[in-house]
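The values are calculated or read from the model by the stated rules, or taken from the named source; none is laboratory data. Note that the coordinates shown come from a computational prediction; the quantities given were computed from them, not determined experimentally. Methodologically, a virtual Cβ is constructed for each residue, glycine included, from the backbone with ideal geometry; neighbour enumeration extends over all protein chains shown. Just the protein is used for accessible areas: all its heavy atoms, side chains included, with ligands, DNA and RNA removed. Shrake-Rupley method; radii C 1.70, N 1.55, O 1.52, S 1.80 Å.
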Amino acid sequence: MVEEVKREIMEYDVVIVGAGPAGLSTAIKLRQLDSEISVCILEKGSEVGAHILSGNVFETRALDELIPTWKEEEAPIKTKVQKEKFMFLSQNSSLSWPTWLLPSVQKNHNNYIISLGNLCRWLADKAESLGVEIFPGFAASKLLYNSDNSLKGVQTGDMGLDKEGNKKDNFEPGIEIHGKVTILAEGCRGHLGKQVIKKFKLNKNKSPQQYGIGFKEIWEIDNNNHEEGLVMHTTGWPLDNKTYGGSFCYHAENNQVFIGYVIGLDYKNPHLSPYDEFQRFKTHSSISKLLKGGKRLSYGARALIEGGIQSLPQMHMPGGLLIGCDAGTLNMPKIKGSHTAMKSGILAAESAYDFIRNKTPLSSYEKKFKNSWVYKELYLARNVKPSFNWGLIPAIIFTGLDQVIFRGKLPFTLKHPHADHETLIPANKAKKIQYPKYDNILTFDKTSSVYLTGTNHEENQPVHLQLNDKNLPINYCLEKYDEPSQRYCPAGVYEVQKDSQGLNPQFVINAQNCIHCKTCDIKEPSQNINWVTPEGAGGPNYANM
């Protein structure tokens, strides 16, 4: 007989999962509309901002609407973009592209170089000052439903379970948190968002969702190499012309640069290691001279959502809404998703308010969204990402026509032909890639990089990276794809270990290394890995990212 766990129940008008820009904007707007509406936010990170990772060149449009006085209120938005560069890289040279030829969607005048984590911390203070209750360190692990199949709320994860799921001495049961409206704002590939999309068939008749993996490092560089306010992007080397990706390098304050790389997870070669492509990128002469004499301060990695309007699911369901990158509101050619996530949150707040006070159906959210500037922005950008299926050069030519000549108004919409997990070719048909050894000056191994993330998980807890079939990694993925999780994971979570004779391979999961990027959940070719929430407060502890 299974012992029934008695759980505390907390009641709110609105329950929000995720204290990122979307969730915080929702909460703030709700309390601005009605100070009597009770709102809580659950955040799985140890504090607000601990799991936030973004480039980030920030467009203030949504913040201008939400908090028009943000400048006077000392928001952490200081470094205005002063100059832009765009370069094509080959292995031994670079070519600068005139910025006046760039599509307007890729221009950044009037934007700011910021830490999104610090902005979220500031937004959390604003939300709490309005009476929003924020609970960091509490992961929403389970959805709760009413008898009519509408969302009832969420349950936080049980604390104090061992690896086998048995109660330890410090066991504390999770809490049920009920709401009239449950809003999922978990970010890209949200654990609960994935469930509701499947349960309510929210992606019916939509293109398969598309993702990338983004890396970021913060470096402190020599003052002579630093140009505060400079925004630089590159494309080309080290990737081949058939693999989507590119870099960013943002010169922030205090002689710091935010340097990173994004690679589309629709890549085909199972021997490719996104982490090592990023490390190799830093050795290009145009980049290494910038970092020379500098010091790496931080590292992080996170999946980002790139499918655009044609992959955007229905965002309402009975009793709930799906917003921000949990739905997929990032503008890929703009390389920005914070402002669109915030706007989706503002609209969600208006819809939740109308539902609670005026009995307006939550489906009104879709109409609000489609009548907003965020929908128009995503619609005009819709054809850029799918054009990269043709290769780099054809895509650049097409994007120039689409964005510069037709300004996103071509009379057709390109579709995404495949989900990312479907694109790998067999390892024996793919070109092997030899990556250079790490020099510990510009390039570093995964172990030292994960150390910089501050990642921590209680070791004796249920593994949060679940295998549907524990034999599949060796019997299928190793045989056909040389087990690509060894390479696509940016934190060294997955290993194939063999005996001294190189036989008897075993699949090993180092779950304590997981930095919550969700790449395994997305790219695993048989969809055998299911990422679920670990014990509350586990994961990275990013600062200034």
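Observations on the model:
- Secondary-structure-derived ellipticity at 222 nm for the chain, considering helices only, amounts to -6000 deg cm²/dmol, per-run term -39500 (n - 2.57) for DSSP H runs with n ≥ 4.
- Within a straight-line Cα-Cα reach of under 18 Å, Lys71 can be paired with the following aspartates and glutamates, leaving aside sequence neighbours fewer than 8 residues apart in one chain: Glu59, Asp125, Glu253.
- Between the residues Ser35, His464, Tyr250, the greatest Cα displacement towards the positive end of the dipole of the chain, with unit charges on the Cβ of Lys, Arg, Asp and Glu, is found for Tyr250.
- A dipole drawn for the chain from +1 and -1 charges on Cβ atoms has a positive end, and of Gly229, His284, Tyr379 the residue lying farthest that way is Tyr379.
- In nm, spacing of pseudo-spin labels at Ile397 and Ser93 (7 Å Cα→C-beta vector): 2.1
- Rounded to the nearest 20 debye, dipole of the chain from Cβ charges on Lys, Arg, Asp, Glu: 2100
- The residues neighbouring Asn468, those whose beta-carbon lies less than 12 Å from its own, together hold a net charge of -2 under the Lys/Arg +1, Asp/Glu -1 convention.
- Inter-label distance for Thr360 and Tyr435, nm, one decimal - labels placed 7 Å from Cα along Cα-to-Cβ: 5.0
- Note: relative contact order over the chain, using C-alpha pairs below 8 Å and six or more positions apart, is 20 percent.
- Residue-normalised convex hull volume from the C-alpha trace of the stretch 1-152: 215 Å³ per residue.
- Calculated FRET efficiency for the pair Glu172/Asp125, C-beta based, R₀ 22 Å, to 0.05: 0.20
- The residues of the chain have, on average, 43 Å² of accessible surface per residue, using a 1.4 Å probe with all protein chains present.
- Whole-Hz ³J(HN,Hα) from phi, Karplus 6.51 cos²θ - 1.76 cosθ + 1.60, for the stretch 526-536, glycine and proline x: 9, 6, 8, 9, 10, 7, 10, 6, x, 4, x
- Extreme residue, positive dipole direction of the chain, given options Leu202, Cys514, Gly49 (C-beta unit charges): Leu202
- The stretch 355-371 versus the stretch 373-435: alpha-carbon centroid distance in Å: 32
- Sites matching trypsin sites (Lys or Arg not before Pro) across the stretch 436-545 that sit in DSSP coil, with at most 13 neighbouring C-beta atoms within 10 Å: Lys437, Lys470, Lys498
- For the chain, the fraction of 1.4 Å probe accessible surface lying on carbon and sulfur atoms is 48 percent.
- In this structure, Ser285 and Leu101 have a Cβ-Cβ separation that, at R0 = 22 Å, corresponds to a calculated FRET efficiency of about 0.40.
- For Lys29, the lysines whose Cα falls under 16 Å of its own Cα, not counting residues fewer than eight places away in the same chain, are Lys126, Lys343, Lys368.
- Per DSSP, loop chymotrypsin sites (Phe, Trp or Tyr not before Pro) in the stretch 385-417 with at most 14 further Cβ within 10 Å: Phe406, Phe412
- Net charge of the neighbourhood of Pro540, taken over other residues with C-beta under 12 Å away and scored Lys/Arg +1, Asp/Glu -1, is +2.
- Calculated FRET value between Gln497 and Tyr379, using beta carbons and R₀ = 35 Å, to 0.05: 0.10
- Too-long pairs where the Cα-Cα distance tops 19 Å, listed order kept, from Lys216/Lys480; Lys446/Lys480; Lys44/Lys518; Lys336/Lys376; Lys216/Lys446: Lys216/Lys480; Lys446/Lys480
- Distance-filtered residues of the stretch 187-228 - backbone nitrogen under 16 Å, label point 7 angstrom along Asn255 Cα→Cβ: 218-228
- The stretch 91-245 - percent relative contact order, Cα under 8 Å, separation 6 or more: 14
- Placing +1 on the Cβ of every Lys and Arg and -1 on the Cβ of every Asp and Glu, with no other charges, gives the stretch 265-352 a dipole of roughly 680 debye about its Cα centre.
- Charge dipole (debye, nearest 20) of the stretch 288-425; +1 at Cβ of Lys and Arg, -1 at Cβ of Asp and Glu: 560
- The stretch 316-335 residues near the modelled Leu410 label - backbone nitrogen below 17 Å, point 7 Å along Cα→Cβ: 332-334
- Backbone N atoms of the stretch 202-243 closer than 16 Å to the 7 Å Cα→Cβ label point of Ile425 belong to residues 240-243.
- Counting only residues at least eight positions apart within a chain, or on another chain, the aspartates and glutamates with an alpha carbon under 12 Å from that of Lys168 are Asp158.
- Sorting the segments 37-43, 331-337, 70-76 by their residues' average number of neighbouring beta-carbon atoms within 10 angstrom, most packed first, yields 37-43, 331-337, 70-76.
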